[in-house]
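For reference, the structure discussed in these notes is given below.
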Amino acid sequence: MTIKILPINAFNDNYIWIIVQGNDAVVIDPGQAGPVLAVLQEKNLDLRAILVTHHHADHVGGIAALLEYAPATVVYGPAHEAIPFRDVALREGDVVKPDGFSWALSVLEVPGHTLGHIAYFGQINQGQPVLFCGDTLFATGCGRIFEGNSTQMHQSIDKFRKLPQNTLVFCAHEYTLGNIKWALEVEKGNPDLQQWSQEAQAIRNQGKPTVPTTVAHECKTNPFMRVAQESVIKAAQIRAGRSLNAPDEVFAVLRDWKNNF
């Protein structure tokens, strides 16, 4: 049985991901209940579990209403954050295998955006690794650092960089076009990024999501995944007006640059 992973649009630019196996569903980061309920009812799906990456309202705000609709739903979330209605607290290396589903996802602790942020990695369909990364990594960008620091965020994103190159990256926001504009300031001469700029614009012109991408794609186009590349180091050093001697220093300059772009 092929298991589907579908985006549900929420707010202005959020994606709530829904994993559908048969008539059963798992949703990830339901910040808004209405769009999820509409999909569940339209497709006649039973909600079995909710996976949460971090505590921000646009990722947890719909949980209460979803539990009213499907009271038996199990809520999984990070152990080190206050997640509403959480049943199962998750830490690095824990494995999530909701009842009735054929797949399992392992937990990565990825602090930075928030201190307790987690991501889920594994295989939903045989041979195809997937990553649900919340607001840690975006297509051609990364999340703002609200609670952690740039060293933590760099280490978290480095975990993603080391995953299998064909891993599908399911992030939680459609920020891609804005991220590409900034990335082109960092690496004007990057041919992969130039091509991606055209492709992403065409995708958005059709009203389609630019995500998921892949780890390989991010390693070619995302400055935050490319802090060891000479072109990125040079751009960051020019921006900072000084020598940068470590990848996390490059990362910090990039994040500040993006904040003020």
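Every read-out reported here was derived from the displayed coordinates using simple, explicitly stated rules and does not represent laboratory data. Note that the structure is a prediction, hence the values are computed from the model and not measured. Here the Cβ positions follow ideal geometry from the backbone for every residue, glycine too, while neighbour counts run over all protein chains shown.
Once Lys and Arg get +1 and Asp and Glu get -1 on their Cβ, which of H55, Q229, Q41 lies farthest toward the positive end of the dipole of the stretch 4-259?
Going by the charge dipole, the pick is Q229.
Could you list L45, L51, L67 so that the one with the fewest beta carbons within 10 Å of its beta carbon is first and the one with the most is last?
Numbers: L45 20, L51 25, L67 17.
So the residues, fewest neighbours to most, are L67, L45, L51.
Given only helices, namely DSSP H runs of n ≥ 4 each adding -39500 (n - 2.57), what is the per-residue ellipticity at 222 nm of the chain, to the nearest 500 deg cm²/dmol? The partial results should precede the final answer.
Values: 9 runs with 90 residues, N = 261.
Taken over the chain, the calculation gives -10000 deg cm²/dmol.
What fraction of the DSSP beta bridges in the stretch 4-259 is antiparallel, stated in percent and rounded to the nearest 5?
That works out to approximately 65 percent antiparallel.
In nanometres, what is the gap between the two model label sites at R239 and L177, each 7 Å from Cα along Cα-to-Cβ?
Calculated label separation equals 2.2 nm.
What distance in nm lies between label points placed 7 Å from Cα along the C-beta direction at A228 and Q123?
Reported label-point gap for A228 and Q123 is 2.6 nm.
For the stretch 77-228, just list the percent of Cα-Cα distances falling in each 5 Å bin from zero outward, please.
Reading upward from the zero bin: 2, 9, 18, 21, 20, 15, 9, 5, 1, 0.
If one computes P(r) from the Cα atoms of the stretch 217-261, what percent of pairs lie at distances over 11 Å?
Everything past 11 Å amounts to 62 percent.
Where a Cα-Cα gap under 20 Å defines reach, which lysines qualify for K4, not counting those fewer than 8 residues away within the same chain?
In chain and number order, the partners are K43, K97, K208.
Just list whichever of K188/K258; K159/K234; K159/K220 have alpha carbons separated by over 18 Å in the model shown.
K159/K234, as the Cα separations exceed 18 Å there.
What base-10 log of the normalised intensity I(q)/I(0) is obtained for the stretch 4-259 from the Debye formula, alpha carbons as equal point scatterers, at q = 0.08, 0.13, 0.16 Å⁻¹?
-0.30, -0.79, -1.16
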